[in-house]
Amino acid sequence: MLTHKTLVPPDDVSGMSAADVDEFRAEHDVLKALRRGGHDVHIVGVGDHLTDLRETVEEWRPHVVFNLLDEFCGIISYDHYVVGYLELLRQRYTGCNPRGMMLSRDKVLTKRVLATAGVATPRFSLFPFGLRFRAPDRVEFPLFVKSATEDASLGIAQASVVEDMRSLRERVEFIHDEVQSDALAEEYVDGRELYVGVLGNAKLVALPPWEMDFGALPADQARIATHRAKWNREYQAKHGIRTGKARGLSHEQGELLSALAKRTYRALYMSGFARMDFRLCADGRILLLEANCNPNLSKGEDFAASAKSSGIGYTALVDRIVQLGLAYMPEWRMFAEP
C-alpha cells in the first residue's frame, strides 16, 4: 500500500479523536479492508524520493501496489509521475493510469478535451500564476474562482464566488499567493451538487448519483463545496450539511448523469475508479464541474457510500479496485512474455 509517509496509519487508533483519525482515515480504512480480504500488505510511506518504493518492489515483488498517494514532493500534479515510475518498473498498481491522471488534474485541459466529447462545463477564464492580473474582455458575474490544479476544495471558500472585477482580482491574487497555482474563474452556476462514481477499465460501471445537501446554509451564501463544507465536522453539524443518495431525479436525468460520467471517464483516458462532480441547473442543464481520479476512499465518504447503496460493501469495493489494478493493460504488458 503506497501513501505519503505522514499518512501511514498507526496500528491502534483507540483513544484518538475523530479529527485526528481523519488525517489518515482513507489509509486506515483501506488497510483494514485489504487485510479483511485476505491480502498480505506491506505499507510504503513516500516523502520526496522513491528509493523505498523501488526497493520494496524489487525485494518484495508485490502482485499489485494499492496507490493512495495524491501528491509527490508536495505537488499534487506530480503524483502521475510516481505511477509512471511504477509502469517503468513493470509493476501493477490500482487506480488511474498516468495519462488519465495528468489530463484530469489539469482543469483547463480537462475542459478543452471534454468540449470535443460533448460534455458541457462552465465557461471560464484562466489567470496564469506569475503574471499580473488582466481583466478579461468579456465577463459575466458572478464567477467562481479556484485553483486550476489543486483538489480537495483547497483554497475554496464563500469568498470564491465574486460579483465584480475588484473581488475577482482579489481572489485571483489570493489563489496565486496562497495556493501558488494558476487561477481558474468559472461562471458560477447555481443548482444541485451531484457526484457520480465510476469503476472500470474498458467496461465501466457508474454508481448511483450522490448529492451534497447544503442543509440550512444561509440564503446569502453560495451552495458550493467549500473546504469547510467538505471537511469541517462542526461546520457541517451547524448548518446540517451532509451527503446522501440523490433523491427526486427522473429516470432520464439518472441515465444522462451515468452516460456523461462514463463519457468523461473515457475522454480523459481514466482507469480504475473516479468520481465526477456535476451541477444540475434549474433549467435542466447538467454541467461537469470536476473529474476526480482516485477519489477519497474513506469508508463513509461519497464514493464508498454510493457503492454500498448499489450492493458493493466496503471490503468488496476495495477488492474490486485491486482486481481492476491487476487486470489493467499498460503498454509494457502488451510486450511482456506470457
Original post:
Gain in length, LYS203 to GLN221, computed as 0.36 nm per residue apart minus the alpha-carbon separation, to one decimal in nm?
Top reply: 2.4 nm
Original post:
Rounded to the nearest 0.05, what FRET efficiency do ALA157 and ARG61 have when you use their Cβ-Cβ distance and R0 = 41 Å?
Top reply: 0.35
**OP:** Quick one: which residues, 5 or more positions from ILE156 or on another chain, have an amide H under 5 Å from its amide H? H modelled 1.01 Å from N in the peptide plane, none for Pro or chain starts.
**Re:** HIS227
Original post:
So which GluC sites (Glu not before Pro) in the range 59-145 are both in a DSSP loop and have at most 10 other Cβ atoms within 10 Å of their Cβ?
Top reply: GLU140
Original post:
Tell me, what are the semi-axes, in whole angstrom and largest first, of the equivalent ellipsoid of the chain as set by the roots of 5 times the Cα gyration tensor eigenvalues?
Top reply: 32, 22, 21
**OP:** Specify the angular offset, from 0 to 90 degrees and rounded to the nearest 10, of the alpha carbon long axis of helix 25-36 from the longest principal axis of the alpha carbons in the chain.
**Re:** 30
**OP:** Compute the long axis of helix 79-88 from its Cα atoms, compare it with the longest principal axis of the Cα atoms of the chain, and write down the angle in degrees, 0 to 90, nearest 10.
**Re:** 30
Subject >> Helix 165-174 vs. the chain, principal-axis angle (Cα, 0 to 90°, nearest 10) >> reply: 20
Subject >> Mean ellipticity per residue at 222 nm, deg cm²/dmol - from DSSP H runs of n ≥ 4 across the chain, formula -39500 (n - 2.57) >> reply: -10000 deg cm²/dmol
**OP:** Place a +1 charge on the Cβ of each Lys and Arg in the range 52-143 and a -1 charge on the Cβ of each Asp and Glu, then give the dipole magnitude about the Cα centre in debye, rounded to the nearest 20.
**Re:** 580
Original post:
How many angstrom lie between the C-alpha centres of the range 257-301 and the range 18-81?
Top reply: 24
Subject >> For the chain, cysteines whose Cβ has no other cysteine Cβ within reach (under 4.7 Å) >> reply: CYS73, CYS281
Original post:
Which of the listed residues, VAL172, PRO142, PRO122, is farthest toward the dipole's positive end in the range 77-211, when Lys, Arg count +1 and Asp, Glu count -1 at the beta-carbon?
Top reply: PRO122
Original post:
Debye sum, Cα scatterers, the range 1-93, no solvent: what log₁₀ I/I(0) at q = 0.13, 0.16, 0.22 1/Å?
Top reply: -0.45, -0.67, -1.17
Original post:
If you average the sequence gap of Cα pairs under 8 Å that are 6 or more apart and divide by the length of the range 179-302, what percent do you get for the contact order?
Top reply: 31
Original post:
For the pair ALA117 and LEU89, how long in nm is the line joining their label points, each one 7 Å along Cα→Cβ?
Top reply: 2.9
Subject >> Candidates LYS308, LYS203, LYS299: whichever shows maximal mean-square fluctuation once the chain is modelled as a Gaussian network with Cα springs under 10 Å >> reply: LYS203
Original post:
So, by mean Cβ neighbours within 10 angstrom, what's the order for 14-23, 187-196 with the highest one leading?
Top reply: 187-196, 14-23
Subject >> Difference of contour (0.36 nm per residue) and Cα-Cα distance, ALA316 to LYS5 >> reply: 109.3 nm
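Since every read-out is calculated from the coordinates, none of them should be taken as a lab result. What you see is a predicted model; the values in this text were computed from it and never measured. Note that we place each Cβ from the backbone using ideal geometry, even for glycine, and neighbour counts take in every protein chain shown.
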